[in-house]
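K.L.:
Mind looking over this structure? Questions follow.
Nothing in this text is a laboratory measurement; each read-out follows from the coordinates by a stated rule. Model, not experiment: these values are computed from the prediction. Positions of Cβ are generated from backbone atoms using ideal geometry, with glycine treated the same way; all protein chains shown enter the neighbour counts.
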Amino acid sequence: MSSYSLPTIGLRIVKTAVTAFLIMFLFRILHLGRSPFYAMIASILSMQSDLSNSKRTALNRAFGTTVGASFAAFLTMLEIRISAFTREGFLYLVSVIICITAIIYVTVIFHMTTASYISCVVFLSATVVSRGSDGGPFLFVLFRFSDTLFGVFLSYVINWIHIPQKKRTDILFTSGLDQILLPGKSTPSAYTIRELNHLIGSGANFTLSTSHTPAAILKAAENLHLQLPVIAMDGAVLYDIGKNQYLLKYMMSRQTVSRIEHILDDKNFHFFENVIVDDVLLIYYQDFKTPQQREYYEKQRISPLHNYMRGKRSEKQNVISFTLLDDTTRLNALISDFNQEGLDRNCRFLLKKSEYENQALLHILCKNARKENMNHYLQKKLNLPKTISFGDYKDTCDITVESKDSDQVAKTVKKLYSKK
């Protein structure tokens, strides 16, 4: 029987509760004589998980509050000036509906559609909710406006206050991408994106590694605010996303490349050669020998960072790696031939499953092209004393991630980052 533990109460929950308490407390000690309901609702709706989201949400709610209150003031003015314009009349009912339509349309014009909710709440609370007998209609609208704005402002202030915590900025966190953050999905979960962005924003040293080209990371993790270089192509390259620059490359020697090309041509294999020229990835290929190879090419070439070149590469260009898609049995026999030729002393042969039946992908790289080597290089470059890696194989990482829990990395980094 699997054990289940309740999640801990997060800081956002605590801050929301504190804000609600302060609003009730202030309303009481200041003897304002009205309910803190609207201020509390506004504060709860405005509280976010991090400061950047809180600021954006606060501005959004403030805009919505102003729009809703403006329309409420206009409708209240008509109510005061026109004797036939009463809350009980049909004209008032029609005017409320017209104003709601106009309010939502204004938020669309200003590209603030998420503010339409708070705009309508403020408007309806000032025009439909029963008023007290004190102060008059305009004062009632002013109170709805000021209370809501106060709740938004206090929520932002409370979220801005940071509780001092010791952060483990001395650790380099490296997570695999393919089966770690993306088990069966094309992008990380909303929880993982939110938590990792918050951790990175607060100073956590976090990066990704993948067996694919940097293009795969750019597509899959486009919503992650990565600040460190990423490890790609099974550790063959270290790529700076911000600068679009390859910081380190493990090249294959020209003699080794020539021997591999000769064997592949002799045994009639189709192959892709990955070459980097002036921080541009060029992928050379020749005539396809199977429909699956053409289909694989058509899927890969969609990425703007994959520059496929039909023909032979220049002998002056250094090769990063080879990629082959072929029959699994045939590829295993090819690896044996490479080993007999002694190429295993200079190369790594990575055979991986493909989406095609009875076919596999074979990646041929420099012997030193390993994720752990690139991770160690990045650790030294950042001058960090410790590194923690996440993966799906126990022998190649520090923490093994369960394939069904795509949020495990974010949860673990969050725990370790704040741990003393």
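K.L.:
Read through the labelled values (1) 30.2, 100; (2) 22.0, 71; (3) 21.1, 67 and report the label of the one computed as Rg and Dmax of the Cα atoms in Å from the structure.
P.N.:
(1)
K.L.:
Quick one: helix 51-81 against the long Cα principal axis of the chain, what's the angle to the nearest 10°, folded into 0 to 90?
P.N.:
Once rounded, the angle reads 30 degrees.
K.L.:
Against the longest alpha carbon principal axis of the chain, how many degrees, from 0 to 90 and to the nearest 10, is the axis of helix 371-382 turned?
P.N.:
60
K.L.:
Which value, in debye to the nearest 20, describes the size of the charge dipole of the chain about its Cα centre when Lys and Arg Cβ atoms bear +1, Asp and Glu Cβ atoms bear -1, and nothing else is charged?
P.N.:
Dipole size: approximately 1280 debye.
K.L.:
Round to the nearest 10 and give me the degree value, 0 to 90, for the angle of helix 90-109's Cα axis relative to the longest principal axis of the chain.
P.N.:
Helix 90-109 and the main axis of the chain meet at about 30 degrees.
K.L.:
OK, next. Could you pull out the trypsin sites (Lys or Arg not before Pro) across the range 242-271 that fall in loop regions by DSSP (anything but H, G, I, E, B) with no more than 12 other Cβ atoms inside 10 Å?
P.N.:
Answer by residue number: Lys243, Lys267.
K.L.:
Using the reciprocal of the averaged 1/r over all distinct C-alpha pairs, how large is the Kirkwood radius of the range 11-160 in Å?
P.N.:
This gives a value of 15.9 Å.
K.L.:
Checking the table Lys243/Lys353; Lys381/Lys411; Lys386/Lys415; Lys267/Lys312; Lys167/Lys380 against a 22 Å threshold on Cα-Cα, which pairs fail?
P.N.:
Over 22 Å apart, Cα to Cα: Lys243/Lys353; Lys381/Lys411.
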